[in-house]
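The values are calculated or read from the model by the stated rules, or taken from the named source; none is laboratory data. Keep in mind that what you see is a predicted model, and the values were worked out from it rather than measured. Glycine gets a Cβ as well: all are built from the backbone with ideal geometry, and neighbour counts include every protein chain shown. The protein model used for the area step is the full one, side chains on, heavy atoms only, and it has no ligands, DNA or RNA in it. Shrake-Rupley method; radii C 1.70, N 1.55, O 1.52, S 1.80 Å.
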Amino acid sequence: MTTKEAWDTYSADIKRFIISKMNDANIADDILQDTFIKVHTKLHTLRDDDKLKPWLFSVARYTILDHFKTSKIKVELNGFEIEDTTLNSEHTEKDCLRGILVNLPKKYREPIFLSDIMGLKQKEVAERLNLSLPTVKSQIQRARKQIAQGFMDCCGYQMNDEGHLVGEIKDKEDCKVCN
């Protein structure tokens, strides 16, 4: 199953779950988006498609916990059961990408998420976000530049003469975003 198929099938259920824990629709939207960024970068590690739905809810739970950690809000964790079905501990570019995307400003993160991860056309993104098409195009280009810069800062990639990132991923301990 692709990320888009997972989104189409389960995003409404995941959003209801997040809202039940957050009681704030705006924060829930951000957490839902962060959840599916994580899903997109780690979907390849899921070995059993029958466990997709429970895995999605686990990712959402961890994303909610991450939100509370970063917002310094104390919360009682009753009702959270921890089950990790991902067994891949290898450090990949996808780990760095997730960290870079999470740190993008929201005005860039939303358009790039909808366009490059969810596969919407830029015109559809503009309509969904109630923005002009030139604004969305600009935000997506700026997001792409920040993502490239993130890889250069994080893992020491370089931009070659043709404008492509080149290099090798560093060990997780040396990575400034993933560590």
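Of note:
- Placing +1 on the Cβ of every Lys and Arg and -1 on the Cβ of every Asp and Glu, with no other charges, gives region 9-58 a dipole of roughly 140 debye about its Cα centre.
- Compactness index (Cα Rg / 2.2 N^0.38 Å), region 96-165: 1.14
- Nearest-0.05 FRET efficiency for residue 44 and residue 124, computed from C-beta distance (R0 25 Å): 0.45
- Added length on full extension, which subtracts the Cα-Cα distance from 0.36 nm per residue, residue 62 to residue 162: 32.1 nm
- Approximating the spin labels as points 7 Å out from Cα along Cα→Cβ, the residue 26-to-residue 145 distance works out to 2.8 nm.
- Carbon/sulfur fraction of accessible area - region 21-74, other protein chains in place, 1.4 Å, %: 50
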